[in-house]
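The values are calculated or read from the model by the stated rules, or taken from the named source; none is laboratory data. The structure displayed is predicted, hence computed values, not measured ones. With ideal geometry, Cβ positions are generated from the backbone for all residues, glycine too; neighbour counts draw on all protein chains shown. Side chains included, ligands, DNA and RNA excluded: accessible areas come from the protein's heavy atoms. Shrake-Rupley method; radii C 1.70, N 1.55, O 1.52, S 1.80 Å.
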Amino acid sequence: MAYDFKKVEKKWQLKWDAEGTFNATNDYKKKKWYGLIEFPYPSGQGLHVGHPRSYTALDVIARKKRLQGYNVLYPIGFDAFGLPAENYAIKTNVHPKITTQKNIAHFTEQLKALGFSFDWSRVVDTTDPNYYKWTQWIFIQLYKHGLAYKATMPINFCTGCKVGLANEEVVNGVCERCGSPVVQKEKSQWMLKITEYAQRLIDDLDEVDFLEKIKVQQRNWIGRSEGAEVEFKIANTDETLQVFTTRPDTLFGATYMVIAPEHKLIEKFADRITNLDEVKDYQHKAALKSDFERSEINKEKTGVEVKGIKAINPLTNQEIPIWISDYVLSSYGTGAIMAVPAHDTRDFEFATKFNLPIIQVVKPADNSEVELPFTDVETGISVNSGFLTGLSVEDAKRKVTEYLEENKIGAKKVNYKLRDWVFSRQRYWGEPIPMVYCDCCGWVPLDEKDLPLTLPEVEDFLPGENGESPLAKQTEWINTTCPKCGKPAKRETDTMPQWAGSSWYFLRYMDPHNATELASKEALEYWCPIDWYNGGMEHTTLHLLYSRFWHKFLYDIGVVPTKEPYAKRTSHGMILGTNGEKMSKSKGNVINPDDIVNEFGADTFRVYEMFMGPFDQTAAWSMESIRGCGKFLDRVWNMQEFMIDGDSYSPEYEKMMHKAIKKVTNDIEEMKFNTCISTFMTMVNEFYKLKRINKAEFKTFLTLLNPFAPHITEELNKLIGFESDISTYTWPEYDDAKTIDDEIEIPVQVNGKLKATIRIVLDEEEALVKEKALDAISSMIDGKSIIKEIYVKNKIYNVVVK
RNA sequence: GCUGAUGUGGCGAAAUUGGUAUACGCACAGCACUCAAAAUGCUGCGAGAAAUCAUGUGGGUUCGAGUCCCACCAUCAGCACCA
C-alpha cells in the first residue's frame with residue numbers, strides 16, 4: 001500500500017486546525033517554553049524555501065518541548081507594513097490593504113500546508129489598528145521620556161522610493177529595497193535616541209545566550225571606543241576646535257587638523273577665511289557625494305586648506321593649519337580630527353599628498369627603525385613628546401589624559417559608532433506617527449485614549465512633490481486640534497519605518513487580543529523572556545538591535561519584567577539555488593515551495609531541509625537529494641508490513657533504541673538536525689536487516705521522528721493500532737547504562753599507525769588488553785624493541801618501537 | 001584593505017571535540033523481482049597490484065592531528081577612511 005501523502009497530510013492539518021492542538025494554554029502554573037521565528041513580510045511572491053528552514057527547525061524543537069511537558073508558545077504573524085505593497089499600489093492603484101490581506105491569506109495557506117505547529121489563534125498583523133495602536137503607544141512613551149525628538153539633519157534620501165532611509169538601510173550607496181542611488185538631503189525627521197542605550201546594549205550581551213558571532217557583530221556595530229576629547233584653541237580668537245581621538249598619546253605629533261566639510265567652523269569664521277570661495281566650492285562637491293562615495297577605498301584623498309585661521313597644538317603651542325576634507329565624517333565624533341600623520345594611515349596619506357609635516361612621536365620598544373606610519377600600540381614607546389617621552393602607549397594615554405583634565409583642555413571620552421535611529425518615513429503604508437504640531441505648544445502627542453490613530457483611506461499613493469508622505473495631501477485628516485490647548489493644529493504626515501512593528505511583536509503574541517494593554521502583566525511575567533529566537537544573520541544589526549533597545553526602554557518604564565527580550569538567539573544559513581547562487585527571479589533559479597509540497601509532500605520537504613547540511617551554514621538546493629528523503633519516508637511507511645507485537649524493546653534493538661533516543665534528544669537541542677535524520681536512516685536500515693520491528697520499537701521511533709515528519713508519523717501510529725495521537729505522548733526516555741556496549745573493538749597502533757583491531761570487553765584489565773594487542777601485532781614488531789606503550793582505556797592501544 | 005566563516009570521495013556531508021577518517025544520503029555499478037521498464041529489496045563503491053598514500057598547501061607540537069599552533073592559498077559573506 002503506497003503512502004498517499006496528499007490525503008494524509010491534509011487530514012492531519014485539518015484536524016490540528018479544528019482542534020487547536022498546538023495552541024498555547026493560559027495555564028501559568030505549567031513550565032513554559034517560548035520559541036520564536038522572525039515573522040515574515042507577506043510579499044506577493046509568496047513563501048520562499050528559505051522561510052521553512054527556520055520554521056521547521058523551531059517547529060521540531062517546539063514539538064519536542066511539548067512532548068517533554070512544556071506549555072509551548074510557538075506563534076506566527078505578519079510584518080505587513082512595507083514598501084512593496086505601497087510601490088505596487090503606486091503602479092496599479094490597488095490599495096495596500098487589499099494586497100496585504102491577499103498575501104497574508106496566501107502565506108497562511110502555504111504555512112499550513114507545511115504542517116507547522118504554530119498557534120494560529122494568536123496571529124499578529126502589524127497593520128491591524130488594534131496592533132499598531134500599541135506601536136503608537138510605545139512611541140508616545142518614548143517621546144514622553146525624551147527618547148524621540150525632531151531633528152533637521154542631512155539624511156539619506158532614496159531617489160527611487162522618495163523616502164529617507166536610516167544609515168543601516170543603505171547598502172553600498174544604494175537603497176536596500178529598490179536599488180536606486182541614495183543622495184544627501186536636509187529633512188526634519190523624528191529620531192529615536194538608541195545611542196542613549198549603547199552601553200547597556202553592549203553590557204547586557206554578557207547575560208544572554210546568543211551565538212558568539214552575533215554578539216561580535218552587535219558589539220562592532222555599536223563600536224565603542226575609548227579615547228579623549230581635546231580642545232585646540234583657534235589662534236587669535238576665544239574659540240576652540242574640539243576633536244575626539246583614540247590616541248591622545250600622540251598629541252605631540254599632531255601637525256595639522258582636519259574638519260568635515262559640513263563643520264560649522266567655516267560659517268563662524270567666514271569673514272576671516274581668505275580662500276572662502278575655494279572652501280565653499282569644496283563643501284559643495286562633498287555634499288553631492290553620499291557617505292559611501294566619500295568613504296570608498298583607494299580613493300585619492302582630497303582637501304583644501306582653510307586659510308586665515310590656525311589652530312594651536314595645546315602641548316607644543318605651535319600653530320598648525322586647519323584643512324577641510326571629506327575623509328572626516330561629520331556624523332562621527334566631533335566632526336573634526338587632529339591629524340597625526342606619523343601614526344595614522346589616513347593622515348599619513350593625506351600629509352604625503354599635501355606636503356604636511358610628519359613628526360614621529362612613537363617608536364618601537366626595541367628602538368629599531370620603522371617605516372611610517374607606525375601604528376602598533378602594543379610595542380610603542382613615546383619619543384619627542386616632552387613629559388610623555390619614554391612611556392608606553394598605554395601609560396602615555398593615561399598621563400596625557402590626566403594632564404588634559406587638570407588643565408581643562410580635554411577629558412577622557414567614550415565614543416560610539418552607533419547613531420540615532422531615523423524614525424520617519426515619507427510613506428503612506430506605515431503606522432501614522434501620533435503627533436500633532438501646534439503653533440502655541442509645539443509638538444504634542446495624542447491623548448492615549450485617542451489611539452489608535454488610524455491611517456486615512458486615500459486614493460493617491462504617490463509621494464508628495466518633495467518626497468513628502470502621500471498623507472500630506474489629506475488636508476481633512478491633517479487639520480485637527482491641539483490635544484493640549486484645543487487650538488487648530490496639524491498632524492505629522494510621516495509614518496513609522498517597518499522596523500517599528502517588528503520591535504515588539506513578540507510581546508503581543510503573549511496576549512494578542514488584549515484591548516486595554518499591549519499585554520497583561522501576568523502574561524508578560526509568565527512568557528518573558530523568549531526562550532529561543534532564531535533568525536537570519538542579516539537582522540543582527542537592525543531588527544535585533546532595535547528590538548533590544550525598545551525592550552530595554554519598556555523595562556525601564558515598568559512594562560516588561562526582563563531587561564532582555566531574548567534569552568537565546570541562533571541563526572540559520574541561507575538556501576541557495578541548485579547552481580549555488582542566491583535565488584532570484586532574474587537568475588531563474590527560484591524553487592517554489594508549493595511545487596515541492598505538491599510533488600513530494602510536506603514531510604519530505606521538512607526532512608530534506610533538516611537533512612541538507614549543517615543548519616547554520618548556507619546550502620544549495622538539490623532535487624536529487626530531496627528524492628532520497630522521500631525514499632526514506634517510504635521505507636518508514638513500509639515498515640508496518642513487518643511489524644510484530646511487543647511491548648518492550650527486543651534484545652537485538654535495545655542498545656540501538658537507547659542510543660538513538662539519546663542522540664536525537666541531544667542533537668535537537670544543538671540544532672544538529674542533519675545527524676538526527678541520519679540516525680533515523682541508520683535505524684530504518686537496521687530494522688530492514690532483520691525485516692522486523694515490534695510495536696514498542698515502532699512507537700518510540702515514530703515519536704522521535706514526529707517533530708520532523710508530523711503527518712506520516714501520526715498516520716502510522718494510528719495504523720499500527722494506537723488510539724491516541726503522538727501529540728499527546730511523552731518524549732521517550734533513555735537509560736544511559738543501556739547506551740554503552742559491553743564488548744568493543746579498539747585499534748592497535750604501531751608508532752601511531754593503525755595495524756590491527758582487537759575486541760575487548762568494556763573496562764577490561766590492562767594486562768589482558770596488552771596481551772591481545774601485542775599478540776595482534778607480533779609479526780610487525782618482531783626483532784624491534786618496544787620503547788613505550790600507551791593505553792587509553794577503551795579507546796586505543798599504541799606501541800612505540802624502534 | 002579589515003573582520004568573520006568555510007575548505008574532507010564524483011556530489012551533499014559525518015567524525016563521541018586529540019584516539020579505527022569518509023557514518024548517513026545522492027549519483028554510479030552489479031544482482032534479485034519483471035516479458036520489459038519503473039518501483040522495490042539486497043550487494044559493492046576514496047586512490048593504489050601492493051607496501052602504502054589520502055581531510056586546501058607548507059611547516060610544527062604529540063605515542064597519535066580533519067581536530068591544537070605558525071605561515072600561506074582559495075572560496076563565500078559582512079563592513080567601509082570610525083580618528
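Tabulated data for the structure shown
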item: Some residue of the range A:371-394 being open to solvent by 60 Å² or more (accessible area, probe 1.4 Å) and in a strand (DSSP E or B); result: no
item: Failed criterion for A:Glu207 (all others in (1) at pLDDT below 85; (2) open to solvent by 60 Å² or more (accessible area, probe 1.4 Å) hold); result: (1)
item: Leading residue by the ranking (modelled with the lowest pLDDT) among those in the range A:275-303 that are within 13 Å of RNA strand B (Cβ to nearest atom) and over 20 Å from A:Lys353 (Cβ atoms); result: A:Phe292
item: Qualifying residues in the range A:651-665 (those that are within 13 Å of RNA strand B (Cβ to nearest atom) and farther than 28 Å from A:Leu211 by Cβ) - the one farthest from the chain's Cα centre (by Cα); result: A:Met656
item: A:Ile746 vs. criteria modelled with pLDDT of 95 or more, within 15 Å of RNA strand B (Cβ to nearest atom) and open to solvent by less than 20 Å² (accessible area, probe 1.4 Å); result: no
item: Given (1) out of contact with any Asp or Glu (no Cβ under 6 Å at 6 or more places or on another chain); (2) surrounded by 15 or more Cβ atoms within 10 Å (Cβ to Cβ), index of the condition A:Lys695 fails; result: (1)
item: Of the criteria (1) modelled with pLDDT of 90 or more; (2) within 11 Å of RNA strand B (Cβ to nearest atom), which one A:Ser648 fails; result: (2)
item: Options A:Arg247, A:Arg224, A:Arg272, A:Arg200; residue that is touching a strand residue (DSSP E or B) at 6+ places or on another chain (Cβ under 6 Å) and either under 26 Å from A:Thr316 (Cβ atoms) or away from RNA strand B (no atom under 14 Å from the Cβ) (or both); result: A:Arg272
item: Selected residue (criterion: farthest from RNA strand B (Cβ to nearest atom)) from residues of the range A:584-615 that are within 17 Å of A:Ser54 (Cα to Cα) and assigned to a loop (DSSP other than H, G, I, E, B); result: A:Asn592
item: Selected residue (only one of A:Thr570, A:Thr618, A:Thr578 is polar (S, T, N, Q), under 30 Å from A:Pro529 (Cβ atoms) and more than 9 Å from RNA strand B (Cβ to nearest atom)); result: A:Thr570
item: Hits in the range A:54-65 (condition: crowded, with 23+ Cβ neighbours inside 10 Å and of a type outside the set (A, V, I, L, M, F, W, C)); result: A:Tyr55, A:Thr56, A:Asp59, A:Arg63, A:Lys65
item: The listed residue being touching a residue at least 40 places away in the same chain (Cβ under 8 Å), under 30 Å from A:Trp421 (Cβ atoms) and surrounded by fewer than 17 Cβ atoms within 10 Å (Cβ to Cβ), out of A:Asp531, A:Asp616; result: A:Asp616
item: Evaluation of A:Lys285 against (1) farther than 12 Å from A:Ala339 by Cα; (2) in a helix (DSSP H, G or I); (3) touching a residue at least 24 places away in the same chain (Cβ under 8 Å) (one fails), failing number; result: (3)
item: Residue match in the range A:91-106 (condition: open to solvent by less than 10 Å² (accessible area, probe 1.4 Å), among the hydroxyl-bearing types (Ser, Thr, Tyr), part of a helix (DSSP H, G or I) and in contact (Cβ under 8 Å) with a residue 40 or more places away in the chain); result: yes
item: Options A:Asn794, A:Asn798; residue that is within 15 Å of RNA strand B (Cβ to nearest atom), surrounded by 15 or more Cβ atoms within 10 Å (Cβ to Cβ) and assigned to a loop (DSSP other than H, G, I, E, B); result: A:Asn794
item: Any hit, the range A:773-781, residues being more than 12 Å from RNA strand B (Cβ to nearest atom), surrounded by 12 or more Cβ atoms within 10 Å (Cβ to Cβ) and within 30 Å of A:Asp4 (Cα to Cα); result: no
item: Residue among A:Tyr132, A:Tyr88 that alone is more than 25 Å from A:Asp725 (Cα to Cα), hydroxyl-bearing (Ser, Thr, Tyr) and at pLDDT 95 or above; result: A:Tyr132
item: Residue in the range A:66-90 that is least open to solvent (accessible area, probe 1.4 Å), counting only those that are under 20 Å from A:Thr730 (Cα atoms) and in a loop (DSSP other than H, G, I, E, B); result: A:Tyr74
item: Cross-chain or 6+ apart pairs with Cβ under 6 Å, the range A:723-736 first and within 15 Å of A:Val664 (Cβ to Cβ), then in a loop (DSSP other than H, G, I, E, B) and not aromatic (Phe, Trp, Tyr); result: A:Ile726/A:Asn706; A:Trp731/A:Gln68
item: Odd one out for A:His513 among (1) open to solvent by less than 10 Å² (accessible area, probe 1.4 Å); (2) closer than 23 Å to A:Phe78 by Cβ; result: (1)
item: Test: residue in the range A:715-727 that is of a type in the set (Ser, Thr, Tyr), under 30 Å from A:Val597 (Cα atoms) and surrounded by 12 or more Cβ atoms within 10 Å (Cβ to Cβ); result: yes
item: Within the range A:666-684, tally of residues that are near RNA strand B (Cβ under 9 Å from one of its atoms), assigned to a helix (DSSP H, G or I) and not β-branched (Val, Ile, Thr); result: 5
item: All positions within the range A:409-441 that are part of a strand (DSSP E or B) and within 21 Å of A:Thr195 (Cα to Cα); result: A:Ala411, A:Lys412, A:Lys413, A:Val414, A:Asn415, A:Tyr416, A:Trp421, A:Val422, A:Arg425
item: Residue satisfying all of: in the range A:535-553; buried (at least 18 other Cβ atoms within 10 Å of the Cβ) and of a type in the set (D, E, K, R); nearest to A:Arg569 (Cα to Cα) among these; result: A:Arg548
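One line per residue, one yes/no per condition, for (1) free of Cβ contacts under 8 Å to residues at least 24 places away in the same chain; (2) part of a strand (DSSP E or B); (3) within 15 Å of RNA strand B (Cβ to nearest atom); (4) open to solvent by 60 Å² or more (accessible area, probe 1.4 Å):
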| residue | (1), (2), (3), (4) |
| --- | --- |
| A:Asn317 | yes, no, no, yes |
| A:Ile320 | no, yes, yes, no |
| A:Trp323 | no, yes, yes, no |
| A:Met338 | no, yes, yes, no |
| A:Lys353 | no, no, yes, yes |
